[in-house]
Every structure is written in C-alpha cells, then in structure tokens.
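Pasting a structure here, questions to come.
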Amino acid sequence: MIKLAKTAGFCFGVDRAVNLVYELVERGEKVCTLGPIIHNSQLVADLESKGVKIIDNISDCPDGYTVVIRTHGVEKNIIDTADKDGVKYINATCPFVLKIHKIVSQQDDDTVTLIAGDEKHPEVMGIRSYCRGESYVFNTAEKMEKILNERKLGEKQSLICVAQTTFSLKEWKKCEKILKKLYTNCRIYSTICNATADRQQEASSLSREADAMIVIGGRHSSNTCKLRDVCSANSDTFLIETAEELRDIDLSPYKVIGVTAGASTPSVIIKEVLKTMSEENIEKEVETTSAVTEEVVE
C-alpha cells in the first residue's frame, strides 16, 4: 500500500509566489527572480522556458523587467538598494517570514536575538539583517546553550528567541524547554510556520506506520531535508527529486510505503511519482488520502 501525506507539497507562501510569477508572465510582463523562485529545478526550468530570468543581484535587473523576491525573503540592504535605485520589484516574501522581520526590527538596540536555524540559509540571513542589536544563530539546542554560556547572554541583556520558519519542530521544543527553565527573561516567539509544523508531525506519524518513506523535494531545500531527517528516524527513507529516481530504488521488500513532499514540490511531480510507484508495484494500492492521489488513481 502507498500512503500519501495530506500535507505533501506546496505551502501557502510558495504557492503564492509561484502563481504570482506565472500570472505576470501570462500578462506579457518581463520577469526576473532574485535567485530561483523555489528549490525545484523542473519548475524553474519551465519558467526559464517562458522567458523568466534568474539574477543574483538586484542591480542585475535588466531594463523593463520586474524583479520578484522569493518566499525566503532577502537582506534589508537589498530592499533598500532596490528602493534607492528605483528598481521595479514585487516582494513575494512569505508573510510568516515578514512577521519575523517585524519582530526583530522592533526590538531595542541592546536586545540580543537568538535565531534557531541554518546560518547560511537566505531566510536566516534576511532575518539577521533586520536585527538592531547582536544576533546569534544555532541549529541545535546544544549549540544554543554553548552560545548562551560562552557569551554570558541573558544575565543582564534583553533577550529574545525566534526560529526559521522551516526549523525542526522537535529541536525547537528542546530549545524552548531550556530557555523557559534557565533563561526566564528571554521572550520566545514560536515562528515555525504552521504548515511546516503540520508537515513534520504528519511525516513523523506516517513514517511510524510505513515500512519505508519516499520524500519528494529538492536536495537543497531546508524543509525537505528536515522531512527526510524526521522520517529516517522511524523507517527506511529515500529522498528523490523526480519519479525517474525511483528506478534506482528497490521498493519490493516494503509492504507499506509512505510518501510526503517538501513545500517546494509541485503537485505534478507528486502525481508522477505516485503513478510510477503504482505502475511498478501493481500489487500495491494507492491509498486516496488527498486530492492529488484522487487524480492519480482515476
């Protein structure tokens, strides 16, 4: 049996950004994106075939083009430069990320901001750029404690803690527990996206029921990698980007196979994977748990 997670695929923020780019293209506008709009090479290639350019710097925007800023958001100086130079842009930063920008930017200059996330991730780099005081990034509860102890933070300074929207929910709960117990003056903002939390929780539950898990998504996608980590703790887990990669995986030993997908995975790719799995494993039934699977088994 093949079970598809109900939360698999595009989240609100990604869906909003991708639809925005396609709508601009359909209206005949010239569009470029500041970096790939999402971590999915197939969708990015489709947009490029329609004339959408990818630029690395806001100053590289060609004349007559509109820049779309992706869901991760960007550093404050990039927005400032665009405004100063009169670059035409549309900010498709996820509202949940913008909320974090607002939280950190409204703090006093002497407030220290702790950020749970991946230091080199564009979203985290953007969040840090809006911090008015010192900021520190960590990706585990242990690293957070090390920073707090070495820097002697929280003894006198004003202290807040936020999380990258795709941060591990399990790890975040560890961090919260430590902060609430040892740093009672720290203001904690639970900024993990609800869709991310729901996706991770469902993946964890499904991976306990399944003999194996297929995680569909970009290998450079933070939320997809988190899903892989969550699932691999409970069952054999395979991360793939396309249905073609199933050819290299022997799924015959597994009776129940769970399938989930990252927030940057288009429904068409999920459908292709399910179709391939059901065709190659005739004896396995695709359990209809969402609209995506309904379209596949019709």
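The values are calculated or read from the model by the stated rules, or taken from the named source; none is laboratory data. Not measured: the values here are computed from a predicted model. Neighbour counts run over all protein chains shown; Cβ positions are idealised from the backbone, glycine included. Note: accessible area is taken over every heavy atom of the protein model, side chains too, but ligands, DNA and RNA are not part of it. Shrake-Rupley method; radii C 1.70, N 1.55, O 1.52, S 1.80 Å.
Being closer than 19 Å to C225 by Cα, out of contact with any Phe, Trp or Tyr (no Cβ under 8 Å at 6 or more places or on another chain) and part of a loop (DSSP other than H, G, I, E, B), is that true of even one residue in the range 167-179?
yes
Here is a list of conditions, (1) farther than 16 Å from Y89 by Cα; (2) open to solvent by 40 Å² or more (accessible area, probe 1.4 Å); (3) assigned to a loop (DSSP other than H, G, I, E, B); (4) touching a strand residue (DSSP E or B) at 6+ places or on another chain (Cβ under 8 Å), and G9 meets all of them except one; can you say which number that is?
Result: G9 fails condition (2) only.
Out of all the residues in the range 51-74, which are of a type outside the set (A, V, I, L, M, F, W, C) and under 25 Å from the mean Cα position of the chain (by Cα)? Write out each step before concluding.
So in the range 51-74, the residues of a type outside the set (A, V, I, L, M, F, W, C) come out as 51, 53, 56-57, 59-60, 62-66, 70-73.
The answer is K53, D56, N57, T66, R70, T71, H72, G73.
Under 8 Å between Cβ atoms, which residue pairs at least 6 apart in sequence (or on different chains) link something in the range 197-222 that is outside any helix (DSSP H, G or I) with a partner that is open to solvent by 10 Å² or more (accessible area, probe 1.4 Å) and among the acidic types (D, E)?
Short answer, once both residue conditions are applied: D211/D236; A212/D236; M213/D236; I216/E241; G217/E241; G218/E241; R219/E241.
Name the residues in the range 222-239 that are of a type in the set (S, T, N, Q) and farther than 25 Å from P122 by Cα, would you?
If we filter the range 222-239 for residues that are of a type in the set (S, T, N, Q), which is where we start, we get 222-224, 232, 234-235, 237.
Once the filter is applied, which keeps residues that are of a type in the set (S, T, N, Q) and farther than 25 Å from P122 by Cα, the range 222-239 yields S232, N234, S235, T237.
Continuing with the same structure: All but one of (1) open to solvent by 80 Å² or more (accessible area, probe 1.4 Å); (2) of a type outside the set (V, I, T); (3) over 30 Å from I37 (Cα atoms) hold for Y183, so report the exception by its number.
For Y183, the failing item is (1).
In addition: Name the residue that is least open to solvent (accessible area, probe 1.4 Å), counting only residues in the range 197-244 that are farther than 22 Å from T276 by Cα and among the basic types (K, R).
Applying the filter and picking the extreme gives R199.
For the range 164-191, which residues satisfy the criterion of being at pLDDT 90 or above, over 21 Å from the mean Cα position of the chain (by Cα) and among the hydroxyl-bearing types (S, T, Y)?
Y183 - this is the single residue of the range 164-191 that is at pLDDT 90 or above, over 21 Å from the mean Cα position of the chain (by Cα) and among the hydroxyl-bearing types (S, T, Y).
Output the residues belonging to the range 106-121 that are in contact with a Lys or Arg (Cβ under 9 Å, 6 or more places away or on another chain) and open to solvent by less than 40 Å² (accessible area, probe 1.4 Å).
Q107, T111, V112, T113, I115 - these are the residues of the range 106-121 that are in contact with a Lys or Arg (Cβ under 9 Å, 6 or more places away or on another chain) and open to solvent by less than 40 Å² (accessible area, probe 1.4 Å).
Looking at the range 248-268, can you tell me whether even one residue there is at pLDDT 95 or above, open to solvent by 20 Å² or more (accessible area, probe 1.4 Å), of a type in the set (V, I, T) and within 21 Å of the chain's Cα centre (by Cα)?
no
Go through the range 231-281 and give me each residue that's in a helix (DSSP H, G or I), of a type in the set (S, T, N, Q) and under 25 Å from R16 (Cβ atoms).
Filtering the range 231-281 down to residues in a helix (DSSP H, G or I) leaves 231-232, 243-248, 267-280.
Checking which are of a type in the set (S, T, N, Q) leaves us with 232, 267, 276, 278.
Of everything in the range 231-281, just one residue is in a helix (DSSP H, G or I), of a type in the set (S, T, N, Q) and under 25 Å from R16 (Cβ atoms), namely S267.
Given (1) among the hydroxyl-bearing types (S, T, Y); (2) touching a Leu at 6+ places or on another chain (Cβ under 7 Å); (3) at pLDDT below 95, identify the lone condition not met by S278.
With (1) among the hydroxyl-bearing types (S, T, Y); (2) touching a Leu at 6+ places or on another chain (Cβ under 7 Å); (3) at pLDDT below 95 applied to S278, the lone miss is (2).
For (1) free of Cβ contacts under 8 Å to residues at least 60 places away in the same chain; (2) more than 20 Å from F12 (Cα to Cα); (3) surrounded by fewer than 19 Cβ atoms within 10 Å (Cβ to Cβ); (4) out of contact with any Gly (no Cβ under 6 Å at 6 or more places or on another chain), each residue gets a yes or a no:
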position: V124; (1), (2), (3), (4): yes, no, no, no
position: Y130; (1), (2), (3), (4): yes, yes, no, yes
position: E142; (1), (2), (3), (4): yes, yes, yes, yes
position: E145; (1), (2), (3), (4): yes, yes, yes, yes
position: L153; (1), (2), (3), (4): yes, yes, yes, yes
position: T165; (1), (2), (3), (4): no, no, no, yes
position: K174; (1), (2), (3), (4): yes, yes, yes, yes
